[in-house]
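Okay, so here's the structure we're looking at.
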Amino acid sequence: MEESSKAFLANPIIAILPLFVMVLLLGFAALFVAGTIYIQTMGDVNYEIFESTVSNLIGEGNFNRTQLVIAAGANFADEVYGSNITDTFNINVTNFNSTRAIKALHAYNFFMFLWVGNLWIMFAFFVMAMVIVTWYYSATGVEIDEYERGNSSGRLKGTAPGTFCRAICVAIRYHFGTIIFGALLIAIIQFIRAVVLYLEKEFLDKWKDNATVKIALCCLNCLLACIERIIRAVSKGAFVITCITNDSFCPAAQESLGIMISNIVQVGSLQALSTTACLVLKVFIVATNMLIAFGLINVAELTDDREVESGLFPLFFIAVLSFAVAALFVNVFESCVDTIMMCYFIDEKRFDGRFMPPNLAKIVGQFQHIEKARKLYKQQLKSASLD
């Protein structure tokens with residue numbers, strides 16, 4: 001995590017990527033909503049009498065005609081009925097029939113929303129990974145050690161000016177297909193999860209109180225969620241490997257999965273530490289902003305000498321906004337941690353740890369000691385069982 005902090009501080013410009021992605025996602029979400037409305041209004045228009053429609057929905061005699069007109073508004077009643085609000089309702093009700101083709105268009109529109117949304121998210125991660133990879137492999141451990149000793153032959157890790165822009169160009173020119181394919185896999189599993197929820201709501205609602213159905217759906221949703229997380233983690237690892245070796249997605253994903261399985265103890269430990277640290281950082285940012293806001297609310301000069309009756313609403317709004325902003329930027333740091341971790345594994349596998357920073361090498365030595373002790377313990381148990 002120390003090396004991730006150094007990488008982030010050496011390339012602070014990557015912090016603008018989440019803002020860029022957020023703007024794109026908001027714009028595409030607006031396009032998705034507009035497309036959904038347009039598709040829904042493509043159905044056949046049906047005109048029905050209001051009174052008969054209400055009667056069919058809630059039963060004859062179960063509604064009060066006078067109260068309905070009063071609730072609709074005086075102007076509405078005057079224009080439609082004049083002074084007699086007990087006349088028979090002759091208002092037409094319009095609805096749209098949803099055919100199979102329209103439902104298929106809705107499904108296609110939703111799938112494309114998932115795909116394009118994940119595409120922008122993965123594109124931002126790929127660019128960040130390219131920048132961090134360039135930083136990690138910019139100097140060997142020997143060169144860093146020589147620099148710390150004061151020798152002129154040494155140097156620290158760093159990136160040249162314009163690395164961020166070059167990373168964007170390289171991602172678009174050479175690796176955009178890899179990003180598209182990785183986003184497609186995530187979108188497919190997310191779409192399957194959405195289809196399961198739709199089927200559960202539309203066709204299994206009458207068995208919602210059945211314990212067996214509840215357990216089966218819960219297990220299915222849990223399984224799909226785990227598969228999505230695995231695919232996302234493997235895809236991110238594949239992107240980092242692609243940045244290092246220029247491999248295509250499938251070989252890189254295969255190598256990424258193999259690395260994660262063979263180093264499951266180190267991956268699990270580092271992920272747990274990074275997740276905990278990022279959560280603590282988010283909570284710290286939110287709590288700090290809440291304390292500052294609470295202090296400012298009680299400053300008389302800022303409220304025109306008027307006492308604030310309740311600061312719960314502004315504090316709640318500030319907490320939500322602070323958490324959103326904190327999550328936006330802390331996720332950048334988390335991406336740096338994931339990239340540095342995969343860089344280390346590739347460095348150890350292909351370059352014998354040549355580019356590993358001295359501080360990281362010390363931590364890795366501790367992990368390797370624990371891993372060797374675990375393997376030795378397993379061998380002793382196995383030999384004891386054979387005896």
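The values are calculated or read from the model by the stated rules, or taken from the named source; none is laboratory data. Because the structure is predicted, anything quoted here is derived from the model rather than measured. Note that each Cβ is placed from the backbone with ideal geometry, even for glycine, and that neighbours are counted across all protein chains shown. The area values use the complete protein model at the heavy-atom level, side chains included, leaving out ligands, DNA and RNA. Shrake-Rupley method; radii C 1.70, N 1.55, O 1.52, S 1.80 Å.
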Any residue in region 148-161 that is on the phi < 0 side of the Ramachandran plot, at pLDDT below 95, hydrophobic (A, V, I, L, M, F, W, C) and not in a helix (DSSP H, G or I)?
yes
Enumeration of residues in region 244-271 that are in contact (Cβ under 8 Å) with a residue 60 or more places away in the chain, surrounded by fewer than 16 Cβ atoms within 10 Å (Cβ to Cβ), on the phi < 0 side of the Ramachandran plot and among the polar types (S, T, N, Q)
THR245, SER248, SER269
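Conditions tested, residue by residue: (1) modelled with pLDDT of 85 or more; (2) under 30 Å from PHE351 (Cβ atoms); (3) not small (Gly, Ala, Ser).
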position	(1), (2), (3)
ASP78	no, no, yes
MET112	yes, no, yes
ASN118	yes, no, yes
MET128	yes, yes, yes
ILE144	no, yes, yes
THR163	yes, yes, yes
CYS169	yes, yes, yes
Of the residues in region 164-174, those that are over 21 Å from the mean Cα position of the chain (by Cα) and either surrounded by 21 or more Cβ atoms within 10 Å (Cβ to Cβ) or among the charged types (D, E, K, R) (or both) come to ARG166, ALA167, ARG173
Among the residues of region 1-32, write down those that are more than 17 Å from the chain's Cα centre (by Cα), under 24 Å from PRO161 (Cβ atoms) and in a helix (DSSP H, G or I).
GLU3, SER4, SER5, LYS6, ALA7, PHE8, LEU9, ALA10, PRO12, ILE13, ILE14
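Taking region 272-299 as the search range and keeping residues that are among the aliphatic types (A, V, I, L, M) and in contact (Cβ under 8 Å) with a residue 24 or more places away in the chain, which one is farthest from VAL337 (Cα to Cα)?
Taking region 272-299 as the starting set, the residues that turn out to be among the aliphatic types (A, V, I, L, M) are 272-273, 277, 279-281, 283, 285-287, 290-293, 296-297, 299.
Pick out the ones that are also in contact (Cβ under 8 Å) with a residue 24 or more places away in the chain and you get 273, 277, 281, 285-286, 290, 293.
On the way: LEU273: 10, ALA277: 11, LEU281: 14, ILE285: 19, VAL286: 22, MET290: 28, ALA293: 31 Å.
This residue is ALA293.
I'd like to check something: does region 202-213 contain any residue that is touching a helix residue (DSSP H, G or I) at 6+ places or on another chain (Cβ under 8 Å), on the phi < 0 side of the Ramachandran plot, at pLDDT below 90 and open to solvent by 80 Å² or more (accessible area, probe 1.4 Å)? Explain how you work it out, then say what you get.
Residues of region 202-213 that are touching a helix residue (DSSP H, G or I) at 6+ places or on another chain (Cβ under 8 Å), as a first pass: 204, 207-208, 213.
Going one step further and asking which of them are on the phi < 0 side of the Ramachandran plot, we end up with 204, 207-208, 213.
Now restrict to residues that are at pLDDT below 90: 204, 207-208, 213.
Then keep just the ones that are open to solvent by 80 Å² or more (accessible area, probe 1.4 Å); that gives 207-208.
Checking region 202-213: at least one residue is touching a helix residue (DSSP H, G or I) at 6+ places or on another chain (Cβ under 8 Å), on the phi < 0 side of the Ramachandran plot, at pLDDT below 90 and open to solvent by 80 Å² or more (accessible area, probe 1.4 Å).
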